[in-house]
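Everything on this sheet refers to the single structure shown next.
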Amino acid sequence: MEDADAALLSAIGEGSERAFGQLIDRHQHGVRAFLRRLVSPSDADDIAQETFLAAWTHADTYRGGATVRSWLFAIAWRKAKDCHRRRFRQRQRETQYHELHAAVASDGVTAEDRLAVQRALASLPLEQQAALTLCLANELTHAEAAAVLGMPLGTVKSHVLRGRERLRLALEEDP
Amino acid sequence: MKSDIDRRVANILREGAPPRSDPMFRVRVLQRLELRRFKRRLYSLAIAACGATGVTVATLSANAEATGVALLCAVVAVATFAHAPIVGYAWRRLVAGRGRGAS
């Protein structure tokens, strides 16, 4: 998997659009899902597109220290931070409203649960939200998340632990 | 081991995720890439054309002898800018080839 990704990046560095399309197909789901937890869905898709374009432009700078997935997440994270600075708070209110009204309950998750978790998540610092999303939803290891976010491993572990506790409390308060 | 609440939290965090396969997203990225290339080429051409016009006007007003050389330079400059991606690609290939040859 990882070798295939590295081979794709190498081909992209030589200008292969076919390889670029394959890289997008393989990673669009993870990158977009991660971004949708940090910014509004429309911003998330916009940033995801920019992330892949940055990968196209800088494919030859990939050195193989991290996995290609982590490398893409790191690009997405930097772009999400920039976007967040610009307009996260305003968008967040709109998104919460729309998600609450549009989503249908699934996997035993009620609209109240969803809202409680979303509120709790929104109340966390952006770094904590990103760490939680990467580790819980995208199933990255703590070490991978640390590489993506450019933070020490201990900081990521602490972010995940505290964040998870906040979300748990939110769910327990809203049974 | 994951608790029930952990699983609920993970499920909620995964909600609203895009589909695993989304060809339209790929198309949109490639479309944006093409648009970006087009814009870059357009700006390059505009700048080259302005430069070429400036050089030509300056030369014409100075002396007629150098006009031919200036026009030739202008044509080469515009052609280079118009094909900048190809020139860039060829240059990168050349440098990479030299690097491999040296090692």
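Below is a table of values for the structure above.
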{"quantity": "Distance between modelled label sites at residue A:169 and residue A:110, nm, 7 Å Cα→Cβ extension", "calculated": "2.2"}
{"quantity": "Equivalent ellipsoid semi-axes, chain A, via Cα gyration tensor eigenvalues times 5, rooted, Å", "calculated": "30, 18, 14"}
{"quantity": "Chain A, helix-only ellipticity at 222 nm - DSSP H runs n ≥ 4, -39,500 (n - 2.57), divided by all residues, nearest 500", "calculated": "-25500 deg cm²/dmol"}
{"quantity": "Overall form of region A:123-175 per C-alpha gyration tensor (a/c, 1.5; a/b vs b/c)", "calculated": "prolate"}
{"quantity": "Angle in degrees between helix A:68-102 and the longest Cα principal axis of chain A, rounded to the nearest 10", "calculated": "30"}
{"quantity": "Residue B:95-residue B:38 pseudo-label distance in nm [points 7 Å out on the Cα-to-Cβ vector]", "calculated": "2.9"}
{"quantity": "Per-residue mean of C-beta atoms belonging to partner chains within 10 Å, peptide A:110-123", "calculated": "2"}
{"quantity": "Other protein chain Cβ atoms within 10 Å, averaged over every residue that makes up B:21-32", "calculated": "6"}
{"quantity": "Extension gain (nm, one decimal) between residue B:50 and residue B:67, 0.36 nm per residue minus Cα-Cα", "calculated": "4.5 nm"}
{"quantity": "A:79, B:39 arranged by Cβ crowding within 10 Å, fewest neighbours leading", "calculated": "B:39, A:79"}
{"quantity": "Prolate/oblate/rounded label for region A:1-81 (Cα gyration tensor, a/c 1.5)", "calculated": "prolate"}
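Every number here is computed from the coordinates shown, using simple stated rules; none is lab data. As the structure is a prediction and not an experimental result, all values here were calculated from the model. Glycine gets a Cβ as well: all are built from the backbone with ideal geometry, and neighbour counts include every protein chain shown.
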